[in-house]
Amino acid sequence: MSQEHYVGRFAPSPTGPLHAGSLVAALASWLDARAHGGRWLLRIEDTDAPRCVPGADREILGQLGVLGLVPDEPPLWQSRRTALYQQALDGLAARGQAYPCGCTRRDIEAALAAQGHEHRRHEERVYPGTCRDGLHGKPARAWRLRCGSEEEPVVIDWHDRRLGAQRQDLTHAVGDFILKRADGIWSYQLAVVVDDALQGVTHVVRGEDLADNTPRQLWLQRQLAAPAPTYLHLPLVLDARGEKLSKQHGAPPLALDDPLAALRAAARALDLPENDTGDLPGWLARATAAWARRWTAPARAAR
Ligand code: GLU
């Protein structure tokens, strides 16, 4: 099936080489682009410099090459695109959609405690709105995006190709979120939305752990008058303890002495049929056909 205009992407953060979990996102986004007759781009999301590992970007590019997952354009590095993020923020600020915030973490905790909120461990903090109407004499630290109000909450309804109908009350679940941090680092949300828009991305395929970021991104797209891509969030690969496979949990880098074995494992995680084709291009072609049967059928129920 060929779609005239499909642009997909894989957007790894270079915090380490690819592991079995990140390969699943890479392979799925590649297969979805190929199955739609579209283009597949690669973007290195290295805005959070303290978390990046030097050389991991090159290592990821090399790993993808060995696996036959080659982007249709030269990759982009977000760290070289900060002027574009500043431009987007300037526009939002000029329109009053973004505002400077002078709160420290401690200020936020104190304001929430004064409002009677108890802080449970690992609970997301909703910004109490202290600087919405001005800095109250404090120096600006970060920049935040307005996300509705008590009187007019922002509720985002969206559709995921696998998860079906989704809804989030952004005002109450997230609140005015950060676009640029106090240390000057651009937030993932701003960089991802600006780049998806500038690169003309029409389809986002990524892990389910990012699904709850999607309403923030959809809201930001609306504020920037950017079109919304179509989303597909995939089940995460879990380790033997049932935890998400991730670098933090010590997932080993992919062993690429046998690229087909790595691809076969990723395809199993994606619930694709067994594919014992013995050469890389042949394997990828067959996997693309299987993916197309499963994910490009016109009207399909959520699974
Ligand atoms: N850079 C993000 C990550 O590695 C993924 C961004 C995305 O696909 O939207 O978690």
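A few remarks follow.
- Theoretical FRET efficiency, 1/(1+(r/R0)^6), r = Cβ-Cβ of VAL155 and GLU73, R0 35 Å, to 0.05: 0.45
- Within a Gaussian network of the chain (alpha carbon springs, distance under 10 Å), most fluctuating of ALA191, ALA228, ALA114: ALA114
- Of ARG216, ARG144, ARG181, the one that fluctuates the most in a GNM where the chain has Cα springs shorter than 10 Å: ARG181
- Within a Gaussian network of the chain (alpha carbon springs, distance under 10 Å), most fluctuating of TRP283, TRP40, TRP219: TRP283
- For the pair VAL66 and ALA140, label points projected 7 Å from Cα toward Cβ lie 4.6 nm apart.
- Between helix 214-223 and the chain there is an angle of about 60 degrees, using the helix long axis and the longest principal axis of the Cα atoms.
- For the chain, taking a cut-off of 4.7 Å between Cβ atoms, the unpaired cysteines are CYS52, CYS103, CYS147.
- Exposure proxy ranking, count of Cβ atoms within 10 Å, fewest first, for LYS138, LYS180: LYS138, LYS180
- Directionally averaged projected area (convex hull, Cα atoms, region 1-104), nm²: 9.2 nm²
- Note on ASN213 and ARG167: the model spin-label points, each 7 Å out from Cα along the C-beta direction, lie 2.5 nm apart.
- Net charge dipole, region 20-175: roughly 280 debye, given to the nearest 20, about the Cα centre with Cβ charges of +1 for Lys and Arg and -1 for Asp and Glu.
- Rounded tilt (10° steps) of 188-198 against the dominant C-alpha axis of the chain: 60 degrees
- Test item: Cα-centred dipole of the chain, Lys/Arg +1 and Asp/Glu -1 on Cβ, debye: 180 debye
- Share of pairwise Cα separations in region 167-303, more than 19 Å, in percent: 65 percent
- Given charges at beta-carbon only (K, R positive; D, E negative), |dipole| of region 121-175 in Debye: 380 debye
- Cα gyration tensor shape of region 100-160, rounded if a/c is under 1.5, else prolate or oblate by comparing a/b with b/c: oblate
- Fewest neighbouring Cβ atoms within 10 Å first, the residues VAL194, VAL205, VAL126 line up as VAL126, VAL194, VAL205.
- Per-pair calculated FRET efficiency, R0 = 51 Å: ALA225 and THR104 via Cβ, rounded to 0.05: 0.95
- Oblate is the label for region 143-222, because the ratio a/c of its alpha-carbon gyration tensor axes (a ≥ b ≥ c) is 1.5 or higher and a/b is not greater than b/c.
- With the gyration tensor restricted to C-alpha atoms of the chain, the semi-axes of the equivalent ellipsoid amount to 36, 20, 19 Å, longest first.
- Residue-wise HN-Hα coupling along region 84-96, computed from phi with Karplus coefficients 6.51, -1.76, 1.60 (Hz; x: Gly, Pro): 5, 5, 4, 4, 5, 5, 4, x, 4, 5, 4, 8, x
- The chain, relative contact order [Cα under 8 Å, separation at least 6], %: 24 percent
- Under the Karplus curve 6.51 cos²θ - 1.76 cosθ + 1.60, θ = phi - 60°, whole-Hz ³J(HN,Hα) for region 275-288, x wherever Gly or Pro sits: 9, 9, 3, x, 10, 4, x, x, 4, 5, 5, 5, 5, 4
Any read-out appearing in this document is the output of simple, stated calculations on the displayed coordinates, not a laboratory observation. Not measured: the values here are computed from a predicted model. All Cβ positions, even for glycine, are placed from backbone atoms using ideal geometry, and neighbour counts span all protein chains on display.
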